[in-house]
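The values are calculated or read from the model by the stated rules, or taken from the named source; none is laboratory data. The structure displayed is predicted, hence computed values, not measured ones. Cβ placement follows ideal geometry from the backbone for every residue including glycine, while neighbour counts extend to all protein chains displayed. For accessibility, only protein heavy atoms count, side chains too; no ligands or nucleic acids. Shrake-Rupley method; radii C 1.70, N 1.55, O 1.52, S 1.80 Å.
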Amino acid sequence: MIRRESGGVGESFVHSIFVPFVDGVIARVPQPFRDIALRHSELIKFAIVGGTTFLIDSAIFYTLKLTILESKPVTAKIIAGVIAVIASYILNREWSFKNRGGREPAHEAALFFVISAIGVVISFIPLYISSYVFDLRVPDVSLATENVADFVSAYIIGNLLQMAFRFWTFRRFVFPEENGSTVVPSVEPAVIEPVPDAPE
């Protein structure tokens, strides 16, 4: 099994920013919900990473869309998505799925980016339909309507679809094993022979 090297810049950043925040939040969750949160810690961490990269993606997308790529929203979404995926890899590898692994780093990274690329395609399909099938673009609609349509199609529908796809495939293919898991050998129960009665 391949084990991760610790102490990198990415890991230091993650443990200085995310770990204290999440640990503090979970510590304040009342029982029995705290146990549920601990059992599903990977999903919670993945969702937090998703929220963080969502903010990165949104900021880049709208910056490009409202400036140099005003007439090319899909291109702006692809660029934003690629940058967000890089951040997602660092955060997921060093935090969400830190206790998993089992692959060579190059193989792991390649799988991550291939699956994430498929996720990016999934996320902008609703935006493509909104923009070019329903023509929800200026001057056919108002700028406000266009922006609302872009947000709903790209960031609500698209992101929900890609997050479900990525979480399942990351656990199944990219980070398939748990580093701390050990196989406990099965032990046959001992057979206790009856003790004969002592002679009188």
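Does Arg39 satisfy being modelled with pLDDT under 65 and within 20 Å of the chain's Cα centre (by Cα)? Against the criterion (modelled with pLDDT under 65 and within 20 Å of the chain's Cα centre (by Cα)), Arg39 does not qualify. Checking each residue in the range 37-51 for being under 24 Å from Leu161 (Cβ atoms), in a helix (DSSP H, G or I) and not aliphatic (A, V, I, L, M) picks out Ser41, Glu42, Lys45, Phe46, Gly50, Gly51. Residues considered: Glu177, Glu188. Of these, the only one that is acidic (Asp, Glu), touching a strand residue (DSSP E or B) at 6+ places or on another chain (Cβ under 7 Å) and at pLDDT below 85 is Glu177. Restricting the range 3-36 to residues that are modelled with pLDDT of 75 or more and part of a helix (DSSP H, G or I) leaves a set whose member that is most open to solvent (accessible area, probe 1.4 Å) is Arg28. Out of Phe97, Phe46, Phe33, Phe54, one residue alone is without any contact (Cβ under 8 Å) to a residue 12 or more places away in the chain and of a type in the set (Phe, Trp, Tyr). It is Phe33. Just wondering, is there one or more residues in the range 78-100 that are touching a strand residue (DSSP E or B) at 6+ places or on another chain (Cβ under 6 Å), closer than 20 Å to Trp168 by Cβ and modelled with pLDDT under 85? The answer is yes; a qualifying residue exists. Among the residues of the range 110-143, those that are within 20 Å of Asp57 (Cα to Cα), out of contact with any Lys or Arg (no Cβ under 7 Å at 6 or more places or on another chain), open to solvent by 20 Å² or more (accessible area, probe 1.4 Å) and among the hydrophobic types (A, V, I, L, M, F, W, C) comprise Phe113, Val114, Ala117, Ile118, Val121, Ile122, Ile125, Ile129. Reported count of residues in the range 144-171, each being open to solvent by less than 70 Å² (accessible area, probe 1.4 Å) and touching a residue at least 40 places away in the same chain (Cβ under 8 Å), is 11.
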